[in-house]
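Note sheet for the following structure.
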Amino acid sequence: MSQRFFTQPSQDLVYLDANATTPVLPCIADVVSHTMQVCFGNPSSSHITGVQAKYLLEQTRNKARQVIGAQSGDILFTSGATEGIQTAVVSTLLANRHKATEHSVLLYGATEHKAVPNTLKHWNEVLGLGAKVLAIPVDKDGLLDSQFIAEHVGQALMICTMAVNNETGVYQDLGALEKVIRAHNPHVSWMVDCVQALGKQSLALSDTTIDYAPFSGHKLYAPKGIGFLYIRENSPYTPFIAGGGQESGMRSGTENLPGIAGLYELFELLLDSKQAVFKPSCTLHQYRDQLISALEQTFGDITFNAPLASTVPTTLNFCVNSLTSKEVMDLFDAAGIRVSGGSACSSGASRSFVLDAMGVSDWQSENAIRMSFGPAASAADIALACERICALKPVLSNHCLIVSDAHQPEQEVCALGLTQLRHQGSCCWLFVADNNDAVIIDPIVELVPRLTRLVKQQQLRVKAVLETHRHQDKDSARSLLAQRLEVDASGELGWSHGDNIALGSHQLSRVTTPGHSSDSVSYLLSQNEHIEACFCGDLLVWGGLGSTQFDDASCEQMAQSLKLLSQLLEQNTVICPAHDYEQCFAMTWQAQCQASELLAALLQGDIDHEQFALRKNQLDQRQGEQCGALCGFSLAPAKASGAQLSAQQLQQLLHEHSDSTVVLDVREPYEHGATDIRSLFTLAPEQLINIPLSRLANALLTQQLDKSKHYVLICRTGNRSGQAISNLKALGFEHVYNLQGGLALV
Ligand code: PLP
């Protein structure tokens, strides 16, 4: 088997994402494997091997009936729930085509899995029904609005609801829903997505008027690619897949017998009252309490996004009040704990539409974490999960992510030197001198709580909170932060200090550098007469220049300011702009001059101020067309990427160049602290360093990196390390490599 399929051994992994998918239980995997190798017949064959396969198929169907309480109606094997949903929707819409009027509606719960509304919209359009596809609102607890259903179900061609929500675990009162639906429309087709209910709630579908109920194997320890659909007797049905007439002509295509055998074994377990694999509800509640207690001990302030009383015990949806979901996810991932941000199926989305429908705050919707376990979880699994969660507490407090209650500042990783803090495209800079004197430049309002905590926890003496100009694209956070930190910020842009601010053995001075705006200044950080860093605001962006599109901007002044900087700055001076749209975390004046053609032309005297202004205006226009009102624009050449190394090649490099090869982890310290990388690659202590992207500028400032060395960059997926490599290449580092796929594939 290819190396790439070997990931971490399962005993290292704490898997708390069962609502996305589950591992196949060993006893189920055995049956699946046996069916593939021994009982491999085609149920349509008339010989004995085929007859045996057919027997297994029908036995499984019978067991499915028992599990979901469906003595009547049909059970159809499908590829999964999405196919079941298509089948139900297409069957209903085709049967009701002739009834469609301009008032017809298709109803679905606002928190339904996307497969449901997207299927309704798709087939409504394909079949040209012209019905209105309407979301049934939910209340703050995620429960469907029965008043809304009562008002609209009379015109409905179909209504789709779900038994248990995949993101929050909220379950609906199906009995109450049935009453309201049938009171207002006795014959409307009603589909209930039961995917997340199987194994967690008892079902008696024949006792209800539910017309369709799709299920999926992989959500409950069976393989992916197998599911089934319950269809009530006499409910409309049209085969969704035509062909060789399998499944009595209802769903053609040779049956997935290994998957069906997996379901057989699963159903046997579910029906066996003496088995100990699936835990009773009281045990699952106990597990949930244990996890909640571990989370609260570790993170302190937590908000649960759905009421525990109306959710199944196997799902927890929460926010850590002081951490973004990205931070929590990265931290969990580094510690080998797998959870999900919102729903796995929409992990690209930054908000949860389910939580939005419940009317939670923006913070909750953007930073929700879903922790879910399966009903076969063991006490040992949960104990290990809790132990791992609790082990994160010192990692968190050491890295200022939570306020430490240990009061041991010596244990904490100090933010000495230069740190870049980002929010979307904006950058704020913190510099901490060797005596804990600090300065904060261009603070961002969203980062005020983080900065406040960091300053207090590390006992920094903030001398000034400064801005490089009045930013057009955001509100000033200067006075708010200065007030929180009790710093005098009354002077112009926060400067109330005469010519210089002393910061330990460093000094900060300022020069006026108008251009992007008339009030723009740059702050120069120097030590022993050397200018080490320049906080230039929006005069420069990586590989380009700040915008001159705003009212009080001036190209002429910008040209003068750039020339002034070229006289003051050294080749190695680190440039710290107020925006970083290009994901460039560290740059020097030399690299900047090489990457920006217009800047180089101006400084080399190839163009005069008038020509500069002409070309700058053209650039601004292009920026307007290409990216809208950003504060700067870059036409820098595409960044170079580094060679990709497999874990094996990394070992080889370490072996061949042990003196000169260093593994550089670019993840944040809390992630670095949560993974034992040295033992993964057998590294000597000096062969591993951690420089997060936020501290790459500091590494330049302190000359921590050596161009003669080989650096293998690592992160979780190879993405951040890839960015850092382009950055280092632009800075002249040649021997930089990326660990392919990051730690995820090691
Ligand atoms: N419905 C719900 C509630 C789900 O959680 C999922 C899977 O995430 C689906 C439907 C789709 O299931 P499948 O992956 O079997 O197509």
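Checking each residue in the range 107-119 for being out of contact with any helix residue (DSSP H, G or I) (no Cβ under 6 Å at 6 or more places or on another chain) and either in a loop (DSSP other than H, G, I, E, B) or more than 30 Å from Phe304 (Cα to Cα) (or both) picks out Glu112, His113, Lys114.
The set of residues in the range 320-345 being more than 16 Å from the ligand (Cβ to nearest atom) and under 21 Å from Gly374 (Cα atoms) consists of Met329, Phe332, Asp333, Ala335, Gly336, Ile337. Restricting attention to the range 105-124 and to residues that are under 24 Å from Glu151 (Cβ atoms) and of a type in the set (Gly, Ala, Ser), the residue that is farthest from the ligand (Cβ to nearest atom) turns out to be Ala110.
Residues are listed down the side, and each one gets a yes or a no for (1) in a loop (DSSP other than H, G, I, E, B); (2) under 20 Å from Asp74 (Cα atoms); (3) free of Cβ contacts under 8 Å to residues at least 24 places away in the same chain; (4) within 12 Å of the ligand (Cβ to nearest atom):
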{"site": "Ala150", "(1), (2), (3), (4)": "no, no, no, no"}
{"site": "Leu198", "(1), (2), (3), (4)": "yes, yes, no, yes"}
{"site": "Phe228", "(1), (2), (3), (4)": "no, yes, no, yes"}
{"site": "Gly244", "(1), (2), (3), (4)": "yes, yes, no, no"}
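Select from the range 115-161 the residues that are of a type in the set (Val, Ile, Thr) and surrounded by 21 or more Cβ atoms within 10 Å (Cβ to Cβ) and write down the one among them that is farthest from Ser91 (Cα to Cα). Explain how you work it out, then say what you get.
Within the range 115-161, the subset of a type in the set (Val, Ile, Thr) is 116, 119, 126, 133, 136, 138, 149, 153, 159, 161.
Checking which are surrounded by 21 or more Cβ atoms within 10 Å (Cβ to Cβ) leaves us with 116, 119, 136, 138, 149, 153, 159, 161.
Details: Val116: 14, Thr119: 12, Ile136: 22, Val138: 27, Ile149: 22, Val153: 19, Ile159: 13, Thr161: 17 Å.
The qualifying residue farthest from Ser91 (Cα to Cα) is Val138.
Return the residues of the range 530-566 that are surrounded by fewer than 20 Cβ atoms within 10 Å (Cβ to Cβ), touching a Cys at 6+ places or on another chain (Cβ under 9 Å) and in a helix (DSSP H, G or I); say none if nothing qualifies. Of everything in the range 530-566, just one residue is surrounded by fewer than 20 Cβ atoms within 10 Å (Cβ to Cβ), touching a Cys at 6+ places or on another chain (Cβ under 9 Å) and in a helix (DSSP H, G or I), namely Ser566.
Those residues that are of a type in the set (A, V, I, L, M, F, W, C), more than 17 Å from Ala376 (Cα to Cα) and surrounded by 16 or more Cβ atoms within 10 Å (Cβ to Cβ), I need them from the range 18-43; list them, please.
Taking the range 18-43 and keeping what is of a type in the set (A, V, I, L, M, F, W, C), we get 18, 20, 24-25, 27-29, 31-32, 36, 38-40.
The next check asks that each one be more than 17 Å from Ala376 (Cα to Cα); those that pass are 31-32, 36, 38-40.
Within the range 18-43, Val31, Val32, Cys39 meet the criteria.
Whenever a residue of the range 78-104 is at pLDDT below 95, its partners that are in a helix (DSSP H, G or I) and surrounded by 22 or more Cβ atoms within 10 Å (Cβ to Cβ), lying with C-beta atoms within less than 9 angstrom and at least six residues away or across chains, give the pairs Ala100/Leu93.
Conditions tested, residue by residue: (1) surrounded by fewer than 15 Cβ atoms within 10 Å (Cβ to Cβ); (2) closer than 26 Å to Asn698 by Cα; (3) more than 20 Å from the chain's Cα centre (by Cα); (4) not small (Gly, Ala, Ser).
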| position | (1), (2), (3), (4) |
| --- | --- |
| Ser646 | no, no, yes, no |
| Gln651 | yes, no, yes, yes |
| Ser658 | yes, yes, yes, no |
| Val662 | no, yes, yes, yes |
| Tyr670 | no, yes, no, yes |
| Gly673 | no, yes, yes, no |
| Ile677 | no, yes, yes, yes |
| Thr682 | yes, no, yes, yes |
| Pro685 | yes, yes, yes, yes |
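In the range 692-708, is there at least one residue being touching a residue at least 60 places away in the same chain (Cβ under 8 Å), in a loop (DSSP other than H, G, I, E, B) and among the β-branched types (Val, Ile, Thr)? Looking through the range 692-708, at least one residue is touching a residue at least 60 places away in the same chain (Cβ under 8 Å), in a loop (DSSP other than H, G, I, E, B) and among the β-branched types (Val, Ile, Thr). Looking at the range 51-103 only, could you name the residues that are outside any helix (DSSP H, G or I), aliphatic (A, V, I, L, M) and either surrounded by fewer than 20 Cβ atoms within 10 Å (Cβ to Cβ) or within 15 Å of the ligand (Cβ to nearest atom) (or both)? Result: Leu76, Ala100.
When you check Ser490 against the structure, is it among the polar types (S, T, N, Q) and touching a residue at least 12 places away in the same chain (Cβ under 8 Å), yes or no? Outline the logic, then answer.
Values: among the polar types (S, T, N, Q): yes; touching a residue at least 12 places away in the same chain (Cβ under 8 Å): no.
So Ser490 fails the test.
For the range 16-29, the count of residues that are within 16 Å of the ligand (Cβ to nearest atom) and in a strand (DSSP E or B) is at least one.
The values are calculated or read from the model by the stated rules, or taken from the named source; none is laboratory data. Keep in mind the model is a prediction, meaning the values are calculated, not measured. Glycine gets a Cβ as well: all are built from the backbone with ideal geometry, and neighbour counts include every protein chain shown.
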